[in-house]
Structure formats: C-alpha cells, structure tokens
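Take a look at the following structure, please.
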Amino acid sequence: MDNLPLELFDKIRKSIAGEVHYDFTTRLLYSTDASIYQIEPLGVVFPRCGDDIAACVELGLEYQTPIIARGAGSGLGAQAIGAGIILDTSRYLNRIIEFNPEERSIIVEPGVGISAMNRAMAAYGLTFGPDPASADRATVGGAIANNA
C-alpha cells in the first residue's frame, strides 16, 4: 500500500468518531459482495454519525478517492464493492429515528435493515419501495446507494 492511503486513513481516523480499518483481513472481507466480482478496497470506515460520513466524503474528494456506500453487501451486480473507501453504515447507523404513519413518513439511519423498517410500518399498510430478495439483510442506505 503506498503512502496515499495511509495518509488518507490517518486523516479520516483523526476526523471521525467511527472506526477505520485498512488491514488486509478487513479489505479482503469487503472485497466481495453477493456478486461473483472481487475488488479490494483501500479500507473500510464504520461511521457513527452523519458528520463522520460527511468528513469521509470531503476527504475522499480531497484525495480523489472513490467512496462506496455499503449496507449488507447483498447486491448481485458488484454495487457494494470498489477500489476506494467502503462506508459500512450497518454497524452503528441502524436506528429508526421517527415514524409518522399519519404523514406516511419515516426517518431512518442508512444502516437500518429494510425488513426491520417494513415490520415497523406493516400495521399501517406501508412498505418501502425497493423489495430485494435479500431484504432481511439489505439496508435502506445500501438500497439507495446501489439504485435498488
């Protein structure tokens, strides 16, 4: 690994509350999703808040490094992998913040599972539009990031 990723991840680590991993094992684990493809990322960030995501995006722009948003990695077309920084929101950003059935609105963090969100809304006859076969693992943010 050249000095660019080390410098970048050092800056990320100093800028966020979440976790930063760029060891070989983590990169290997995140080099695959449910597809047949394999692309090793530079590293993986587990953001704890929206500010962490914003800091990663800003640093990705500064270092001209791709940001790959990822939930459970259940996409079949390699949407959750790439040679950049993987942002996995499923570890910490996985709460339903507010649900208002009368207004038919819900505010969730990107790592919320689609099935969990749909269970919360089911009694009101509401459901989230994307309906992937992997909904028991797939996250809202991942579905949006890969254009489900």
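Over all directions, what mean area does the Cα convex hull of the chain project, stated in square nanometres?
Spelled out: convex hull of the Cα atoms, projected over all directions, averaged, 8.8 nm².
Okay, moving on. Using a Gaussian network model of the chain whose springs link C-alpha atoms within less than 10 Å, name the residue from ALA135, ALA122, ALA80 with the highest mean-square fluctuation.
Ranking ALA135, ALA122, ALA80 by mean-square fluctuation puts ALA122 first.
What residue among GLY113, GLY84, GLY71 shows peak mean-square fluctuation when the chain is described by a Gaussian network model with Cα springs under 10 Å?
GLY84
Something else: Take the alpha carbon atoms of region 10-27, find their center, do the same for region 108-130, and report the distance between the two centers in whole angstrom.
Cα centres, region 10-27 to region 108-130: 30 Å.
By DSSP, what percent of the beta bridges with both residues in the chain are antiparallel, rounded to the nearest 5?
About 55 percent, rounded to the nearest 5.
Given the options SER134, SER105, SER74, state which has the largest fluctuation in a GNM of the chain using a 10 Å cut-off (strictly under) for Cα springs.
SER105
Measure nothing but the geometry: give the 0 to 90° angle between the long axis through the Cα atoms of 3-15 and the longest principal axis through the Cα atoms of the chain, rounded to 10°.
Helix 3-15 and the main axis of the chain meet at about 50 degrees.
Which residues does a label at GLU7 reach in region 53-68, if reach means a backbone N under 19 Å from a point 7 Å past the Cα toward the Cβ?
Counting backbone N atoms under 19 Å from the label point, the list is 56-67.
Given a 1.4 angstrom probe, I'd like the percentage of the accessible area of the chain that is carbon and sulfur, rounded to a whole number.
Within the chain, the accessible surface is 52 percent carbon and sulfur.
Go through region 73-148 and name the GluC sites (Glu not before Pro) that are in a DSSP coil and have 15 or fewer other Cβ atoms within 10 Å of their Cβ.
Listed in order of number, the matching sites are GLU102, GLU103.
Let me ask something additional. Summing -39500 (n - 2.57) over the DSSP H runs of n ≥ 4 in the chain and dividing by its residue number, what mean residue ellipticity at 222 nm do you reach, to the nearest 500 deg cm²/dmol?
Taking each H run of at least 4 residues, the total per residue is -9000 deg cm²/dmol.
So, with +1 on the Cβ of K and R and -1 on the Cβ of D and E, and no other charges, what is the size of the charge dipole of the chain about its Cα centre, to the nearest 20 debye?
Magnitude of the dipole: close to 260 debye.
Also: Measure nothing but the geometry: give the 0 to 90° angle between the long axis through the Cα atoms of 50-62 and the longest principal axis through the Cα atoms of the chain, rounded to 10°.
Once rounded, the angle reads 40 degrees.
The values are calculated or read from the model by the stated rules, or taken from the named source; none is laboratory data. Note that the structure is predicted; figures quoted are calculated from it, not measured. Quick reminder, even Gly has a Cβ in these numbers, built from the backbone with ideal geometry, and neighbours come from all protein chains shown. Accessible surface areas use protein heavy atoms only, side chains included; no ligands, DNA or RNA. Shrake-Rupley method; radii C 1.70, N 1.55, O 1.52, S 1.80 Å.
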